[in-house]
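Following: one structure in structure tokens, then a few remarks.
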Amino acid sequence: MSDSGTDGFVVFDRVQKSYDGETLVVKDLNLSIAKGEFLTMLGPSGSGKTTCLMMLAGFETATHGEILLDRKPINNIPPHKRGIGMVFQNYALFPHMTVGENLSFPLEVRGMGKSVREQKIKRALDMVQMGAFANRRPAQLSGGQQQRIALARALVFEPEVVLMDEPLGALDKQLREHMQFEITHLAHSLGITTVYVTHDQTEALTMSDNVAVFDDGRIQQLAPPDVLYEEPQNSFVAQFIGENNTLDGVVKEIKGDTALVELDTGEVIDARPVNVTRAGERTRVSIRPERVESNKDRLHEDAHTVKAEVMEFIYMGDVFRTRLKVAGNENFIMKSRNAPDQVRHKPGSVIEIGWMPKDCRALDMPA
Amino acid sequence: MTFKIKLAGASAAVSLLAMGAAQAQDPVSLTIVSWGGAYTASQVRAYHEPYMELNPHVTIINDDGSANALAGLRAQSQAGNVTWDLVDMLPSDAQLACDEGIIMQIDHDAMLAAAPDGTPASEDFLPGSLGECFIPQIVYSTVLTYRPDAFPEDNQPSSIADLFDVENFPGRRALQDRPGTNMEWALYADGVDPDDIYDLLRTPEGVDRAFAKLDEIRDHIIFWTEGAQAPQLLADGEVAFATGYNGRMFDAIEVEGQPFEIIWDGQVVEWDGWVVPADGNNLDAVMDYLYWATDTQRLADQAKFISYGPARASSAALVGEHADLGIDMGPHMPTAPENYFAPIVLDNDFWVDYGDEMRERFANWMLQ
Amino acid sequence: MAQADAGALDQNASVEPTGRLRTADGRPLKSALRRAQRRRKITAFLLVTPLLVFILGFFVFPIAQMMWRSVDNPQVVRALPNTLEALQTWDGQDVPGEAVFAALHADFVADAERPRRDQAMGPLAVRLNYELSAARGAISRTSRQAVNFEAPYREAFLDSHRLWGQPELWRIIKREGRPLTSAYYVAALDREFDADGSIVRRDENRRIYVQLFIRTILMSVAITFLTFVLGFPIAYYLSILPMRYSSLLMICVLLPFWTSLLVRTSAWIVLLQQQGVINSSLVGLGLMDDANRVQMIYNMTGTIVAMTHILLPFMVLPLYSVMRTIPPSYMRAAKSMGATPSTAFRRVYFPQTLPGIGAGGVLVFIISIGYYITPALVGGQSGRMISNEIARHMQQSLNWGLAAALGTMLLVGVLVLYWLYNRLVGADSLKLG
């Protein structure tokens, strides 16, 4: 598992990166990735995640700090000597070579003999179920097939680390979901350390052992997917991962693991203090839509209830989505499972909703 | 073109109205084809403008098509649509056009003015210059020019033989990239009398002898293609000698002030003049113009504007000063007695008959 | 893996027992489709018609006419029908007998009776002179007198011009007395017909064209290679520069396009001549002796330098347009797989620029093989190309048949090269922009 120590397999130690000498794209990055770990760098574009990946691959140099691979600093090692496999966003399959030649390339530059090469190519292609395609050219393959070949090519020379730069971005939804599964499966079964860059949170949640959420050149939170989703450490992460209802207010009092928050509309609610420390602080309270309940039978006795006006009811098949006005916020969403006893609320009606205080997290107020 | 003609017609019609219908003549526009540049300018000033003043119903349109005159005449004749009224061309091309029947035959004494003293045209024009279909206007010559500063003062070149004497007159030579003139000079420098040159060139031995002479200077030659190149090469000091048309060399020396000297020895003399396309639309008007524009005074007038000699003997005495430069043009004429001491008169029959073969051998010689 | 396999048939089409598809109202589907597409086809045709007419009128037709002119040979047949008939029994050895000369006389008389513009002896004189020097004089001089000749005609003709007594002239008349001729091609290959009518090489001192063709091809190869060597790095640099710098540099590359030929030519002369900037600088720096100034213009060097300069954009532009489309991730991918930068360039980047190299190379080669103005101005004697000879025959000697034969050979040569290129590389891989 990852931590901020320096004994991981891949380590970023106080790494900074600037392109123009005036602004830092990556600010003081510390990250340690264990051998065999699948780590995803998640963040909006411009958050520094791709720059980190490129520094690891050797295509960019760190302005400050060190990057270690298997405890050896690699800052001054050129990319072709790092032995890191890489899958690119547009696959970067060489169009003038066949699939077989593409896979043979990394083996040839390592001076492997023909029979060894053929054996390895066959194994790699079989691994991605593309054994029959060795003689095709990349242009003759579908997007998903090209993706598999790119994967096979990055793995064929058996690197210990594989980097993937938004590899599924160009695929349609169904194919993407399928490939997510295949990639994780492969990575785990081969025991390869994987660093995966994406801006798609679903991808990050479903695939990773750990997710590093990037924003503004920093890691905002590094955690396994479930922790990340359920216990976001700040309002950026809460907002960026999954859907999120927010209510703004001021901390009245913090008692143990309960904070009293007075909302801007005057109502007072209980919340779990996450990164608020003292009374009087502005806070943004975050509640996941699926943790909001209107059915009294299902509400826990400790639940906190408020009045809400139904603004809109949206039928989405497996779930109902009800837009409510809660404490002045007209975009408060409640997601309820389409169960036989689930009420379909009429717009205009006033209902009572509630949530568990532990699901209600008092976070920082973004600037 | 049609637009121009229409405009000209319209202006003629206007002046016609002003003159009153009584003495009106039908307006006519003549398309006269010439070489363009300074040469056409000299014709405009010596012939066209005065003639239009005398004959207000005539409009003259200049066409700079002489460089491809033969091709143009052929094309117009084949298309049955002759738009040229009068064409300025070289006698060798005129001979071909005449043989092909696409230009008119000329009865010289009937169609051309006699000299002021009554000498008929056929005797007044310089010997050998009149053709079956060709009326010469000017004599021009290809001359050898050199830079005096390329040689010591006490050893200046003075003859064609010196062009071929690389030992006494070192330096490169700019020659035109065609056999004409070069082969004549090779034989002349080899001691052949100017009158015998073409007889000798008609024999294989004569041709071999000319090329053997040319071989002596081959490594010292720069070939030029366009007429403007020769004076330029000389001016840049790239060559010590250059061949060129005497008119261009006159311009370089007198107008641009270049320090060149002309060697008149062995000047290769050629004519240039008019031909009348057969089946033209304005034959009467053309013949009237031709009669006037080729008389003794008019030919002498053209020499005021360009340093080419008039083709009539009777014009020589009338040649005056250059209209703009004020230089007495007499001594600059190729035909001036002090220049005309050893001329080689270009034999058009020879070049028409043997030109293809000579050009092939010359091209082959250049390739070696 | 989910394959999007859209193979669903149009639900409105019903299938006949025979298997042919019909539309909802029962018409065969194929004819309905044709009808629907006809309108679009007509529109498409109308859109390309102006260009088609233009190409036919100003490209295909003139080229066809040029090729026709290289074999067209009407002059002898038209001028000497009687003579040709009489010559059928001639043995080809000695001067023909009276019967032939009588026929010749009849031809001259017939020609004199035609309207002047239709007379055939002038063109005949020009035509025969291509084959035999002085034949023009023989025909045109005789044609003025022949009408007055009286029998026996043989002596009269022999007296009028010496050529009538040479069997060679008669052999030429007989050989060229056909509406089509190979004579222009024979001449264009530096060959001629001997007394037996078989094709032999010309005298050594009259051979030009074969040597010029070879030289033209060699020079074009050299120019193509030079533009490649100079253009590849420029194009590469252009393709990786940000747009605003690359367009500035592109202007420098395109500059030769925008300067007039005369300005360019004078610039080269100023630079390259013996008294020019380069020579004078070298002498001034003491790197060269004043007496040993190098001749860099008015020879092959001049032509190659000047044409490389002019044609460089034709190499750079296709290369640039190809290189622009090669994403940097290919090189990165190669390096990430362990290839050194030079291996990555050689095995991954360079092969992908081949379509650009092919297009640029074909373009530069084909243009330079037909160039003639620049070689004429700066080529002197050793820097001339075959096009200069073609231009000379078009404009000066007016031997259009020979010019057409040389032009056709050049055209066929280029087409053969293009075909070879297509076979070896594939023309569909050409990328021009």
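Coordinate-derived values only; no laboratory data. Because the structure is predicted, anything quoted here is derived from the model rather than measured. Neighbour counts are summed over all protein chains in view; Cβ atoms, including those assigned to glycine, are modelled from backbone coordinates with ideal geometry.
Quick rundown of the values:
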quantity	calculated
0 to 90° range, to nearest 10: angle between helix C:243-258 axis and chain C longest Cα axis	0 degrees
For the range B:214-265 versus the range A:123-148, the gap between their alpha-carbon centres in whole angstrom	73 Å
Cα-based shape type of the range A:45-174, given that a ≥ b ≥ c are square roots of the gyration tensor eigenvalues and the cut on a/c is 1.5	oblate
Charge context of C:ALA344, other residues only, Cβ under 9 angstrom, K/R +1, D/E -1	+4
Reach of C:LYS41 by Cα under 28 Å, taken over lysines that are not fewer than 8 positions away in the same chain	C:LYS30, C:LYS431
Extreme residue, positive dipole direction of chain B, given options B:LEU144, B:THR83, B:ILE262 (C-beta unit charges)	B:THR83
Calculated [θ] (222 nm, deg cm²/dmol) that DSSP helices of n ≥ 4 give over chain A, each run adding -39,500 (n - 2.57)	-6500 deg cm²/dmol
Which of B:ASP93, C:ASP203, B:ASP99, C:ASP289 has the fewest Cβ neighbours within 10 Å, and the rest in rising order	C:ASP289, C:ASP203, B:ASP93, B:ASP99
The range A:10-235 - Rg and Dmax from Cα coordinates, angstrom	17.6, 56
Listed residues B:SER158, C:ILE373, B:MET333: farthest to the positive end of the dipole of the protein assembly as shown (Cβ charges)	C:ILE373
Ranked list, fewest to most other Cβ atoms within 10 Å of each Cβ, for B:TYR308, C:TYR418	C:TYR418, B:TYR308
For the range C:186-253 versus the range A:48-111, the gap between their alpha-carbon centres in whole angstrom	44 Å
Residue-averaged beta-carbon neighbours from other chains (10 angstrom radius) around C:197-205	2
Counted charge near C:VAL147, where neighbours are those whose Cβ lies closer than 12 Å (Asp, Glu -1; Lys, Arg +1)	-3
Listed residue pairs exceeding 31 Å between alpha carbons, taken from A:LYS81/A:LYS120; A:LYS35/C:LYS335; A:LYS49/A:LYS114; A:LYS17/A:LYS255; A:LYS49/A:LYS72; A:LYS35/A:LYS120	A:LYS49/A:LYS114; A:LYS17/A:LYS255
Dipole magnitude of the protein assembly as shown, debye to nearest 20 (Cβ charges: Lys/Arg +1, Asp/Glu -1, about Cα centre)	7200 debye
Surface/4 estimate of mean projected area, convex hull on alpha-carbon atoms of the range A:243-363, nm²	7.1 nm²
Aspartates and glutamates with Cα under 20 Å of A:LYS122, excluding same-chain neighbours fewer than 8 positions away	A:GLU101, A:GLU108, A:GLU158, A:GLU160, A:GLU182
Stokes-Einstein translational diffusion, the range C:74-178 - Kirkwood Rh over all Cα pairs, 1.306 mPa s, 10 °C, in µm²/s	119 µm²/s
Helical mean residue ellipticity (222 nm; -39500 (n - 2.57) per DSSP H run of 4+; nearest 500) of chain C	-20500 deg cm²/dmol
Cysteines without a disulfide-compatible partner [the protein assembly as shown; Cβ-Cβ under 4.7 Å]	A:CYS52, A:CYS360, C:CYS252
For peptides B:314-327, A:272-285, sequence by mean Cβ density within 10 Å, most packed first	A:272-285, B:314-327
Peptide B:349-360, shielding by other chains (average Cβ, 10 Å cutoff)	6
Unit charges on C-beta of K, R, D, E only; dipole of the range C:244-369, Debye	660 debye
Nearest 10 degrees, 0 to 90: helix A:173-190 Cα axis against chain A principal axis	60 degrees
All lysines inside 27 Å of A:LYS296 as judged from Cα atoms, apart from same-chain residues fewer than 8 positions distant	A:LYS307, A:LYS325, A:LYS335, A:LYS346, A:LYS358
Share of Cα-Cα pairs in the range B:209-368 lying beyond 26 Å, as whole percent	43 percent
With Cα atoms, 0 to 90° folded angle of helix B:204-215 axis to chain B main axis	70 degrees
Computed [θ] at 222 nm, helices only, for chain B once each DSSP H run of length n ≥ 4 contributes -39500 (n - 2.57)	-10500 deg cm²/dmol
Neighbour-count ranking [beta-carbon atoms within 10 angstrom, fewest first] of B:MET329, A:MET311	A:MET311, B:MET329
Student exercise, chain C dipole from Lys, Arg, Asp, Glu Cβ charges, in Debye to nearest 20	2300 debye
For chain B, share of DSSP beta bridges that run antiparallel, in % to the nearest 5	60 percent
Among beta bridges that DSSP assigns inside the protein assembly as shown, antiparallel share in %, nearest 5	70 percent
Shielding score for B:226-232, defined as the mean number of other chain Cβ atoms within 10 Å	2
Chain A - share of DSSP beta bridges that are antiparallel (%, nearest 5)	75 percent
Residue among C:PRO242, A:VAL128, C:LEU218 farthest towards the positive dipole end of the protein assembly as shown, charges placed on Cβ	A:VAL128
